[in-house]
């Protein structure tokens, strides 16, 4: 009996191993030789129920245009069961050549099972047969993605535009689309123009009536001469193709297919700017422009600020050239200019203005001249260079210190010719009058004895200084206050050095404020609220108006780092801080 059970167990175990070994997981394709513009179907099938965790290969050299989808089939014929689960993809090649699609994997009974790899040969694009019943051919004839370029022969720096339109005939329907590959504009500066409303319009394509959509618009400015390529935009569609049959109610039956298309490659031949007549200092401005240099104040007092604005306005490559710089006299302190761009982009190109605003602060009374400035540009419509001269700007300072006066009396001196006569050398002495040197004896002098006693006097002085230093070193609380006071002065000095550099200036100013309070209030002010700081200052006898101004400066440091500011505003902020700290120090 026992032996019979043993045999049964052995047979069952052997049968289960045979069944496990017979699991079949295979890869099959609809075609192994195809053109670059063709697609094919790839299926991964497993014949055992319970297999899961399917993982496809990478498809590195192919693009998945459909799937994954799956199907399951089961049958029972003549007492024999069959099962199949299939994972399906529609893919297309990215390039020509021979490629291996690696095995997919799946798990069955805690074992990893691999499918077979397949070899695909891809040749050049082939012509799709002109079969009116072939859905691919129907889609090809009725869907067109077109890139319209405004000018195929511009100058370097001259703006052009490209518009991508999708034309669809009245015979088919496009249910869904997506951009699978955006166009590349190598050699161009480019900026997209947002398409806010995608509306269906009626138009003509090759003389026939079509519906079309504007999908994408961009302004392009070539950066170099020669032939530049606008790469195609590629799109995938779900297309409804009429079958020619109607349903019970007479409605046309359509067949949905996946379809891909691309716009044509557009070649732009860019002309170099002419060398003949190119002005000296030409910075690459191409378009039609106006140029001005102006001051918001022409009369002011010393240490008041004025703004000198250098502005270029018009249409052209406004963002791609350098604005001319002004030269100011040494008596006018000029800060780094604030650059501003107010430019709009449309199919006509870039239009608006770019400017640099210089803040200048005079130090002395007088009348100062900011010399003339020139700006050159090339007009592509007239194929001609233009140069604009901005007149000199004069700034008169009516109040303040006078310029230091330089005495130039020596400039009035003149040379005389030397006349030789018999008395020219009478100043040379012919007799000597020598006196003996008086010798002082240092050995027994007062200086000798003072220097002799100096080391003995230095010993008690050194002991006293050492005791004071030791006592000071042991005064931890006092040292903290002194250190905070020193840091406050250090950061205030650092803030002055960083004038014109917004982030660094306000960080240093804020540190100076907190270290000042740390020294005066003996607290870590960075860890408490501004309300508590105001309360502590009030308890120390500081008046309410001074406290309010101090808190305002603290708030300015918090917000100014994240908001636009100018060099003049920073300079005023620094002077205001010094004034407030001095006032608080007096009151404390």
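Read the figures in this text as sums done on the coordinates, not as results from a lab. As the structure is a computational prediction, the values presented were derived from the model and not from experiment. Counting neighbours? That spans all protein chains shown, and the Cβs are built from the backbone with ideal geometry, glycine included.
Assorted remarks:
- Förster-model FRET efficiency, 51 Å R0, residue 503 and residue 47, C-beta, rounded to 0.05: 0.15
- Considering all different alpha carbon pairs of the stretch 287-397, the Kirkwood hydrodynamic radius works out to 15.0 Å.
- A crude spin-label estimate for the pair residue 112 and residue 461, with each label 7 Å from Cα along the Cβ direction, gives 8.6 nm.
- DSSP beta bridge pairing in the stretch 287-397, given as percent antiparallel to the nearest 5: 95
- Prolate/oblate/rounded label for the stretch 163-211 (Cα gyration tensor, a/c 1.5): prolate
- Geometric descriptor of the stretch 20-123, per residue, is 102 Å³ (volume of the convex hull of the Cα atoms).
- Remark: spin-label model distance residue 60-residue 80 equals 4.1 nm, labels positioned 7 Å along the Cα→Cβ axis.
- Highest average packing first - 350-362, 61-73, Cβ atoms within 10 Å: 350-362, 61-73
- Using the empirical formula 2.2 N^0.38 Å as the baseline, the Cα radius of gyration of the stretch 135-270 reaches a ratio of 1.23.
- Additional length obtainable on full extension of the chain from residue 531 to residue 26, 0.36 nm per residue less Cα span: 174.3 nm
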